[in-house]
Amino acid sequence: MDATVRTDLFHGLFRWHAASVGPAHVSRHDAAPRTVPDPESGRQLRIASLEVTDRSICPACAQLGAGGYVSFVSDLRLAYACPSCRTLVWLPGA
């Protein structure tokens, strides 16, 4: 059972769970917004999909964990919701 759940991280796209046993993880938030601000311009980006994975490595802190990926409409970047550093990490587009 989760000891703590936070919805204020990752622009409300995911729920962050601090488990009483084991590492923290994220899950999709049922009431996730449809847009999030671009970290550089502030322009609203429309969400294409939210995916949660059991095993991923954060590009910022290099920790293995159960994080989430965000893809955007008309934007080639991805963002990663890291359960370890509790940050939405923006990845460069192709």
Restricting the stretch 46-88 to trypsin sites (Lys or Arg not before Pro) in coil, as DSSP defines it, with at most 12 other Cβ within 10 Å: 55
In order through the stretch 74-83: 3J(HN,Hα) via Karplus (6.51 cos²θ - 1.76 cosθ + 1.60), integer Hz, x for Gly, Pro: 6, 8, 7, 6, 10, 10, 10, 8, 8, x
Within-9-Å neighbourhood charge of residue 16 [Cβ basis; K, R +1; D, E -1]: +2
Dipole in debye (nearest 20) - the stretch 2-91, about Cα centre, beta carbon charges: Lys, Arg +1; Asp, Glu -1: 60 debye
Diffusion coefficient, µm² s⁻¹, Stokes-Einstein with Kirkwood Rh over alpha-carbon pairs of the chain at 10 °C and 1.306 mPa s: 119 µm²/s
Cβ-derived FRET efficiency at R0 22 Å, residue 75 paired with residue 54, nearest 0.05: 0.30
Net charge over other residues, Cβ less than 10 angstrom from the Cβ of residue 66 (K, R count +1; D, E count -1): 0
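Read-outs throughout are calculated quantities, based only on the coordinates presented, and are distinct from any laboratory measurement. A quick note: this is a predicted structure, and the numbers were derived from the prediction, not measured. Cβ sites come from the backbone with ideal geometry, for glycine too, and all protein chains shown count toward neighbours.
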